[in-house]
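Beneath this line is the structure, given in structure tokens, with notes to follow.
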Amino acid sequence: MTQKINSKVTDAMNFFQGHDPYSLINTYGSPLYVYNERIFRTRCKEMRTNFPNFIVNYAIKANSNLTLLSIAREEGLKADVSSLGEIEAALRAGFKPDELLFIVNNASGEEMNFAVEHGITVSVDSLSQLDIFGKLKPKNKKEIPPSSEGRVRLIPRSDEDKPPLKKLFLRFNTGIGGGHHHSVVTSGDDTKFGIMEKDIPEVKILLEKYNLTPVGINHHIGSGPEDFEDMYYEGAKALLKISTQFEGLSFVDFGGGFPIPYEKQSGELPLELSGIAQKLNELVTDHTHKHVNHLKFMIEPGRYICAESGVLLGTIHSIKDNGVNKYVGCDIGFSVLARHTLYQAHHDVEIYRQPCSKTQSSNENGVDESCEVVSIVGNMCESGDYVAKDRKLPTLQVDDLIGVLDAGAYGYSMSSLYNMRPRPAEVLIRTDDTISLIRRRDTIEDMLNTMRI
């Protein structure tokens, strides 16, 4: 069996459920995304249990694998989609159009029309987007299978059918926002998202011009700010205040940003869901009593649902000293996991070793106890290609495996074909301990077949 050099996190979670990381790599290739169904379902249940009076919408952009989407649906979650591709993925995973919200940014009229014609409610987050939405003239259409070129084709239904109802909701910038990095702050003075409260009079002019009545409003503070609970609560209060300026609303969506502890090896504790849930429940109960309305309330956990259910396995191929730095090179480039390069995001790293490997200084169990400060880097032709920078880790060896923890969110969904390296496979450890291949590894032919000379 594989020696687990520092695996206390996955051991405590029973993440691999008896499966050997090397066996997974030998079967499915390196690098490899590994998900745990039990953990994914548990996070879904935690949201449903702690927020029984809220609609929980899974943010598909965090992880759009069809198998995981179908599990989220089975667990009673609805979904947020942000592109036509995500709409198609959600529909294929079994979601119904009225279970989806199209929370889109700077969309074209064609994209909005596609959503409307499929019966999906569309979010608009600027005056110009509202103007585009108002001018839409959707026809009642139905989808037929994609053409050989992969384009979605729509054909009209009978002339007797009425055009679909244009359902929209409005995204506001409440001025309250934060995040673990400036690039993920989605509310406040320095962000592209949302309609400012001062623009509400112009919003109402456009709504009247196009005879539109919004069915809801939403906002999003950002992803994982340090003072999440207080900021989320204050943002929700501000959004409820805005809701009183509109009649006929059906729902208020408080957005997402629920953090997870990325530094578990250092003792970081998870978010206490019950605390924020209690405060939100009291807030919406008080609002409902004061305004005597029948609003539904929504939250949008994406990362919280899927991050901890994923571990990214990779292989160490080189070790070198350059100047004062020691670099450990592996096959997890930022085309596979982009979060450190984009956001300097932290992921804990575990190490697994084949039993036949030699160690420099071992205890009685044969596990190397020495540590050193190293930077784990990927295989991209870029100097910013880091997995972990200046990290104190047990002494590593070529052919060791590393496990990048909490890689289930914004991992594969942000991967790319940069340097024309195939994207990895994704596998799921089922609740019955079996392994399912839920996305095969790219091939060189996959990449080349889309091109023409």
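The values are calculated or read from the model by the stated rules, or taken from the named source; none is laboratory data. Since the structure is predicted, the reported quantities are computational estimates derived from the model, not experimental observations. Positions of Cβ are generated from backbone atoms using ideal geometry, with glycine treated the same way; all protein chains shown enter the neighbour counts.
Evaluate the following for G85: is it small (G, A, S), surrounded by fewer than 19 Cβ atoms within 10 Å (Cβ to Cβ) and more than 26 Å from P214 (Cβ to Cβ)? Criteria not met by G85. For the stretch 279-289, the criterion of being under 23 Å from the mean Cα position of the chain (by Cα), part of a loop (DSSP other than H, G, I, E, B) and within 25 Å of A72 (Cβ to Cβ) is satisfied by no residue at all.
Scanning the stretch 8-28 for residues that are outside any helix (DSSP H, G or I) and buried (at least 19 other Cβ atoms within 10 Å of the Cβ) yields F15, F16.
Out of curiosity, is L313 in a loop (DSSP other than H, G, I, E, B), of a type outside the set (V, I, T) and either touching a residue at least 12 places away in the same chain (Cβ under 8 Å) or out of contact with any Gly (no Cβ under 9 Å at 6 or more places or on another chain) (or both)?
Details: in a loop (DSSP other than H, G, I, E, B): no; of a type outside the set (V, I, T): yes; either touching a residue at least 12 places away in the same chain (Cβ under 8 Å) or out of contact with any Gly (no Cβ under 9 Å at 6 or more places or on another chain) (or both): yes.
So L313 does not fit the description; no.
Going through (1) under 25 Å from L168 (Cα atoms); (2) crowded, with 20+ Cβ neighbours inside 10 Å; (3) aliphatic (A, V, I, L, M); (4) touching a residue at least 60 places away in the same chain (Cβ under 8 Å) one by one, A93 falls short only on (4). The residue of the stretch 29-55 that is surrounded by the fewest Cβ atoms within 10 Å (Cβ to Cβ), among those that are at pLDDT 95 or above and more than 22 Å from the chain's Cα centre (by Cα), is G29.
Note on the stretch 409-434: residues that are within 13 Å of N379 (Cβ to Cβ) and either touching a residue at least 40 places away in the same chain (Cβ under 8 Å) or touching an Asp or Glu at 6+ places or on another chain (Cβ under 7 Å) (or both) amount to 5. In this entry, T42 passes the filter for residues that are under 23 Å from N281 (Cβ atoms), outside the structural domain of I435 (by TED's automatic domain parsing) and either part of a helix (DSSP H, G or I) or not acidic (D, E) (or both). P225 meets the conditions (1) within 24 Å of L271 (Cβ to Cβ); (2) in a helix (DSSP H, G or I) in every case but one. The failed one is (2).
Can you tell me which residues in the stretch 304-330 are buried (at least 24 other Cβ atoms within 10 Å of the Cβ) and either modelled with pLDDT under 95 or of a type in the set (G, A, S) (or both)?
A307, S309, G310, G314
Scan the stretch 193-224 for residues that are under 18 Å from L239 (Cα atoms) and under 19 Å from the mean Cα position of the chain (by Cα) and report the count. Number of matching residues: 7. Residues that are over 17 Å from G85 (Cα atoms), under 17 Å from the mean Cα position of the chain (by Cα) and acidic (D, E) are absent from the stretch 60-74 altogether.
Inspect the stretch 225-234 for any residue being within 21 Å of the chain's Cα centre (by Cα) and among the aromatic types (F, W, Y) and give the result as yes or no. Break it down into steps so the answer makes sense when it comes.
Initially, the stretch 225-234 is screened for residues within 21 Å of the chain's Cα centre (by Cα), giving 225-229, 231-232.
Then drop every residue that is not among the aromatic types (F, W, Y), which leaves 228, 232.
Yes, the conditions are met somewhere in the stretch 225-234.
Pairs meeting the criteria (first residue in the stretch 182-204 and part of a helix (DSSP H, G or I), second residue among the β-branched types (V, I, T), beta carbons under 7 Å, at least 6 apart or on different chains) are E197/I242; V203/I195.
Residue by residue, here is whether (1) in a helix (DSSP H, G or I); (2) hydrophobic (A, V, I, L, M, F, W, C) holds:
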position: S30; (1), (2): no, no
position: P52; (1), (2): no, no
position: I71; (1), (2): yes, yes
position: A79; (1), (2): no, yes
position: A89; (1), (2): yes, yes
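Selection over the stretch 54-69 of residues that are outside any helix (DSSP H, G or I) and free of Cβ contacts under 8 Å to residues at least 40 places away in the same chain gives a count of 0.
Restricting attention to the stretch 292-328, the residues that are small (G, A, S) and farther than 30 Å from L269 by Cβ total 2.
Scanning the stretch 243-261 turns up at least one residue that is closer than 30 Å to E208 by Cβ and among the acidic types (D, E). Here S318 passes the criteria (1) more than 25 Å from the chain's Cα centre (by Cα); (2) among the polar types (S, T, N, Q); (3) outside the structural domain of H182 (by TED's automatic domain parsing); (4) assigned to a helix (DSSP H, G or I) except the one numbered (4). Counting the residues of the stretch 56-66 that are farther than 20 Å from P270 by Cβ and crowded, with 19+ Cβ neighbours inside 10 Å gives 4.
Counting the residues of the stretch 53-95 that are out of contact with any helix residue (DSSP H, G or I) (no Cβ under 7 Å at 6 or more places or on another chain), under 19 Å from M112 (Cα atoms) and not polar (S, T, N, Q) gives 4. Are any residues in the stretch 185-202 of a type in the set (A, V, I, L, M, F, W, C), surrounded by fewer than 21 Cβ atoms within 10 Å (Cβ to Cβ) and in contact with a helix residue (DSSP H, G or I) (Cβ under 8 Å, 6 or more places away or on another chain), and if so, which ones? The answer is I200, and nothing else.
Looking only at the stretch 240-250, filter to residues that are farther than 16 Å from T285 by Cβ and in contact with a strand residue (DSSP E or B) (Cβ under 6 Å, 6 or more places away or on another chain); which one of those is surrounded by the most Cβ atoms within 10 Å (Cβ to Cβ)? That would be L249.
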